[in-house]
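Let me begin by presenting the structure, written as structure tokens, before commenting on it.
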Amino acid sequence: MSTIKAPQDCSSLEDIRAAIDLYDRQIFDAMCQRLNYVRAAARFKPDEQSIPAPQRVAAMLAERSRWAAEAGFDEGFTRSLFEQLIAWNIEQQIQHWRHQRQQAAG
């Protein structure tokens with residue numbers, strides 16, 4: 001694969017698509033890594049009720065909205081995206097927590 005060009009330096013749709021594919025792969029890889037950390041966090045949760053951590057979620061969403069505002073990016077979209085990501089990750093952590101406890105119980 002050739003070097004990814006800056007958007008303004010792209011000379012074809014193929015250049016654009018190559019860059020989009022690269023960034024999509026990086027986003028996907030980052031989501032996989034994030035999920036690994038979310039699952040690892042289950043070790044530190046004393047019970048299933050502690051997993052959702054609504055205060056932490058609220059702080060995270062506020063911070064991500066601030067990131068969007070500072071970057072001139074759509075805050076509503078950013079918040080919605082992270083709400084979905086966080087909700088799904090919480091469900092994954094709950095499932096992982098349950099699975100760990102079931103294995104430990106034998």
Study note, to complete from the structure: Considering residues that are more than 30 Å from His96 (Cβ to Cβ) and either in contact with a Cys (Cβ under 7 Å, 6 or more places away or on another chain) or surrounded by 13 or more Cβ atoms within 10 Å (Cβ to Cβ) (or both), the number found within the stretch 7-56 is 5
Practice item. Can you tell me which residue within the stretch 57-97, out of those that are of a type in the set (D, E, K, R) and either at pLDDT below 95 or under 15 Å from the mean Cα position of the chain (by Cα) (or both), is surrounded by the fewest Cβ atoms within 10 Å (Cβ to Cβ)? Key: Glu63
Check your understanding: How do the pairs read when you match residues in the stretch 55-78 that are free of Cβ contacts under 8 Å to residues at least 24 places away in the same chain with residues anywhere that are outside any helix (DSSP H, G or I) and surrounded by 10 or more Cβ atoms within 10 Å (Cβ to Cβ), using Cβ under 8 Å and keeping only pairs 6 or more apart or on different chains?
Key -> Trp67/Phe73; Ala68/Asp74
Revision key, fill the gap. Over the stretch 1-53, the set of residues among the hydroxyl-bearing types (Ser, Thr, Tyr) and in a helix (DSSP H, G or I) is Tyr23, Tyr37, Ser50
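Looking only at the stretch 18-32, which residues are under 15 Å from Ile86 (Cβ atoms) and of a type outside the set (Gly, Ala, Ser)?
Met31
The values are calculated or read from the model by the stated rules, or taken from the named source; none is laboratory data. This structure is a prediction, so every number in the text was calculated from the model and none was measured. Ideal geometry is used to build each Cβ from the backbone, glycine not excepted, and the neighbour counts take in all protein chains shown.
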